[in-house]
Structure formats: structure tokens, C-alpha cells
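First up is the structure itself, then whatever we jot down about it.
The values are calculated or read from the model by the stated rules, or taken from the named source; none is laboratory data. Quick caveat: nothing in here was measured; it's all calculated off a predicted structure. Heads up, the Cβs are rebuilt from the backbone with ideal geometry, glycines too, and the neighbour counts pull from every protein chain shown. SASA here: full protein model, heavy atoms, side chains in, ligands and nucleic acids out. Shrake-Rupley method; radii C 1.70, N 1.55, O 1.52, S 1.80 Å.
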Amino acid sequence: MNNEQLGTTLLSAAVVWLKSRLLDAVVEVEQQASEGDVRADAILTIRTSHSSNRVFVELRKEVTPKSVAELTGGPFRRMRSAIYDMPVLVVAPFLSRQAREALRAEDLCYLDLTGNALIRLKSPAVYIETEGAKKSPTRRPLGTQRAGLRGGHAARVIRTLVDVRPPYSVTELAQSTAIDAGNVSRILAALHDFGVIYRGHRGQVAEVDIKGTLDLWAENYSLMKTNKRSLFIAKGSLRSEFENLRDQASLLVTGSFAAPEETRVAAPMQLVMYARDIATTSKELGLLPSEEGANVVLLEAFDPVVWERSRLESDVRCAAISQVAIDCLTGSGRMPSEGASIVQWMLSRENQWRLASLELRQTRGS
């Protein structure tokens with residue numbers, strides 16, 4: 001279907017949908033219309049016996065939070081001023097939750113072919129809000145997607161997407177993650193189908209929904225199940241055990257002790273670490289094996305990706321903030337609550353932890 005055919009389909013569907021819900025109104029369509037010097041894909045006139053309202057229609061093949069920001073930028077704001085705050089209706093085949101929230105925040109009406117809609121008009125007074133599909137109906141089978149988001153390859157791609165600002169191509173991601181381009185492409189396709197990344201020119205990753213990507217990964221990963229774990233009891237206090245880890249290159253702290261101070265729900269009750277050699281580490285630290293009342297967890301990493309972009313906190317090697325977030329989100333006890341706080345911290349302080357480009361990532365290494 002070309003763009004012209006898609007536009008015709010979207011407009012026809014929008015008109016049918018509106019007519020089915022505004023039974024007392026007449027909906028008239030003017031395609032490729034203009035209001036003053038401003039051209040629209042269409043202008044709808046919604047008329048009742050008492051009033052009428054003209055609606056400016058934008059037909060879009062795809063809408064992302066980033067495209068909403070572009071849509072509502074300087075030229076669009078000048079356009080809205082020129083059309084005297086005429087209501088704007090954005091119509092697309094599918095609108096993700098993130099796109100709908102962005103449109104709502106900009107006071108735009110929206111409608112997609114699955115029935116996700118928000119129509120707010122002053123005259124005639126209309127308020128319609130409905131829910132349609134939560135996921136794009138054009139995505140591949142669910143089981144195929146989820147299978148594609150498990151394992152080390154998916155983790156390497158997801159960690160890179162979260163840790164490094166786009167844009168980047170499939171080839172660049174393949175080189176950066178040491179995964180063949182075919183596998184990278186399949187992983188990106190699944191993430192795109194779930195609406196957590198957005199593809200631009202020639203399939204380039206243009207935008208990443210950090211929270212959505214981590215939430216989706218959390219459905220396919222488990223701190224204690226994906227990694228091989230061993231449980232222990234520390235002889236001393238956990239704080240002293242943590243401080244004794246200074247300059248330990250073979251250990252990587254994750255979980256509560258590696259979380260930013262302001263995200264902690266309370267004092268950490270468990271010390272969780274990735275170890276190169278669990279047996280050697282447990283002996284060196286004098287840990288006592290125990291399945292009951294364990295307060296130290298040593299993990300054999302499921303993939304080397306967990307060591308990437310590690311950082312020093314008080315001279316103790318800690319996992320990258322994105323790895324800490326996913327480990328907490330999928331951990332036990334109060335860890336998921338801390339994980340949610342870490343994600344909010346990440347979103348509000350992106351410049352503090354996220355790399356500006358893949359080149360920087362390659363320069364800094366793991």
C-alpha cells in the first residue's frame with residue numbers, strides 16, 4: 001500500500017468511526033484542504049443542528065513520541081496559531097501507549113485503526129475516549145518475539161540501546177555488540193513490534209523508550225534464574241563486606257548496594273555480586289554457604305554483557321546503572337521497588353549515565 005492509498009484508508013476509517021459514534025452529527029470531509037495559508041491532509045466539519053466544528057486532520061503512517069515532539073515544534077505551533085486553535089486530529093494505523101501519552105500532553109486528538117482514540121471538541125461538545133489494541137496488529141507472533149528477546153545476544157543489544165543514545169544502524173550495532181547483523185536485525189524487529197524502539201531512515205534506530213525497553217526485558221530475564229546463583233552468609237556486616245571489595249577486579253556489585261543512594265528504599269539487606277570464580281571468591285571473602293537466611297549472593301553471569309560499562313563507587317566495582325536496574329526489577333523482596341526508582345532516576349538524569357554515541361562506548365570499552 002503506497003502513502004496515498006494509506007492516507008485514503010486512514011481518512012475513510014476515521015470518518016466511519018466518527019459517524020458511528022456521533023449519531024446526531026453530520027461529518028463532512030474536505031481532502032487536501034487548506035485553512036488560510038495552512039494546508040491539511042483533510043479538514044472535517046462536524047455539524048449538529050446547534051453548532052459546527054472544523055477539525056484539522058494529520059494522517060501519519062507512524063507516530064512516535066519523538067515525531068510528536070517534531071510535529072508540535074515551532075512550525076506546527078505557528079500553524080496552530082494560524083488556524084485559530086482549530087482542533088487537530090492525528091490519525092495513524094496504530095498508536096503506542098507512549099505516542100498516545102505524548103499526543104494527549106500536547107492537547108491533540110488522536111485515532112488509530114484499532115480503536116485507540118481521544119476526541120475532544122468544544123462545539124459541539126464532544127468527549128470520546130476508547131481503548132483499542134495495546135500492541136501493533138502487524139507484529140509477528142508473540143511467542144516468536146519473546147523467544148527473540150531472551151539470551152545473551154538480546155541482552156547485548158538491549159544494553160547498548162539503553163546505554164547509548166541513538167541514532168545507529170544495524171551494522172553499527174552488530175559491530176559494537178559482536179553479533180551478526182541478521183540476529184541484531186531480528187532483535188530490533190521484535191523490539192520495534194512491541195513499540196519500545198522506533199526505526200528511521202533505512203531501518204536505523206532513531207529513538208529508544210528506555211523504560212519500555214527495560215520493562216520488556218524484565219519479562220524475559222530474571223536475576224536469580226537467568227544467572228547461576230550461590231547463596232552465602234557474611235561473617236561481618238554487609239557494609240563492611242562491601243567496603244572490603246575495593247580494588248577487587250574479579251567482582252562486580254549489582255542490586256541494592258550498586259543503586260544510586262537516592263533510589264534506595266532502605267538500607268540494603270543483601271549483597272549481590274557477579275564473580276569470575278564463585279568458589280575462589282567465597283573462600284577469599286570467608287563466606288559461609290547457606291540456603292537459609294543468606295545475605296550474600298554470588299552470581300555466575302549468563303553473558304559477559306553484565307560486566308560492560310562497569311563503574312567505580314567508593315572504589316568498589318559496580319555494574320552499569322542499566323544492569324543494576326534490570327537486576328533489581330527482576331530481583332526478590334523490595335528489589336523491584338528499588339528497580340522502579342532506579343529507572344525514574346535514569347530518566348531524570350540521562351546525561352549523567354548515558355553515552356552520546358557508539359564511538360564513545362567503543363573508546364571506553366567495558
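Quick notes
- Antiparallel DSSP beta bridges within the chain, percent to nearest 5: 75
- Straight-distance crosslink candidates among aspartates and glutamates, where the alpha carbon sits under 18 Å from Lys135 and sequence neighbours closer than 8 are dropped: Glu62, Glu101, Asp112, Asp193, Glu207, Asp209, Asp215, Glu219
- Ranking of Arg239, Arg39 by solvent-accessible surface, largest first: Arg39, Arg239 (1.4 Å probe, protein heavy atoms only, all chains present).
- Entry for Cα extents along the principal axes in Å (calculated from the structure that is shown) out of (1) 53, 45, 39; (2) 76, 52, 40; (3) 83, 40, 37: (3)
- For Leu216, the accessible area of its heavy atoms, probed at 1.4 Å with every protein chain present, is near 10 square angstrom.
- Among Ser337, Ser49, Ser256: highest mean-square fluctuation, GNM of the chain, C-alpha pairs under 10 Å: Ser49
- Rolling a 1.4 Å probe over the heavy atoms of the protein chains gives region 136-260 an accessible area of 41 Å² per residue.
- Distance from the alpha carbon centroid of region 88-134 to that of region 292-312 works out to 44 angstrom.
- Mean separation of Cα contacts under 8 Å (6+ apart) over length of region 209-366, as relative contact order %: 30
- Residues Thr48 and Glu350, FRET efficiency given R0 of 51 Å [Cβ-Cβ distance, rounded to 0.05]: 0.60
- Only protein atoms count toward the accessible area here, which uses a 1.4 Å probe; on the chain, the carbon and sulfur part of that area reaches 48 percent.
- Contact order relative to length of the chain, as percent, for alpha carbon pairs under 8 angstrom and 6 or more apart: 12
- Of the GluC sites (Glu not before Pro) found in region 290-366, those in coil by DSSP whose Cβ has at most 16 other Cβ atoms within 10 Å are Glu291, Glu292.
- Within straight-line cross-link reach of Lys122, aspartates and glutamates at Cα separation under 12 Å, skipping those fewer than 8 residues along the same chain: Asp85
- Helix content alone sets the calculated 222 nm mean residue ellipticity of the chain: runs of n ≥ 4 DSSP H residues at -39500 (n - 2.57) each, divided across all residues, give -11000 deg cm²/dmol.
- Distance violations [Cα-Cα > 20 Å] among Lys19/Lys66; Lys19/Lys134; Lys61/Lys134: Lys19/Lys66; Lys19/Lys134
- Converting phi to 3J(HN,Hα) with the Karplus coefficients 6.51, -1.76 and 1.60 and the offset θ = phi - 60°, region 93-108 yields x, 8, 10, 5, 4, 5, 5, 5, 5, 5, 5, 4, 4, 8, 6, 9 Hz in sequence order, with x at every glycine or proline.
- Once the 1.4 Å probe is applied to the protein heavy atoms, region 274-366 comes out at 47 Å² accessible per residue.
- Given a 1.4 Å probe and the protein chains as shown, Met86 ends up with an accessible area of around 10 Å².
- Cross-link reach is defined here as a Cα-Cα straight distance under 30 Å, omitting same-chain residues fewer than 8 places apart; for Lys283 the lysines meeting it are Lys225, Lys228, Lys235.
- Using a Förster distance of 25 Å, the FRET efficiency for His201-Leu6 (Cβ separation, nearest 0.05): 0.85
- Efficiency of FRET from Cβ geometry, Thr280 and Lys135, R₀ 45 Å, rounded to 0.05: 0.45
- Rounded, prolate or oblate (a/c below 1.5 giving rounded, otherwise prolate when a/b exceeds b/c) for region 252-366 by Cα gyration tensor: oblate
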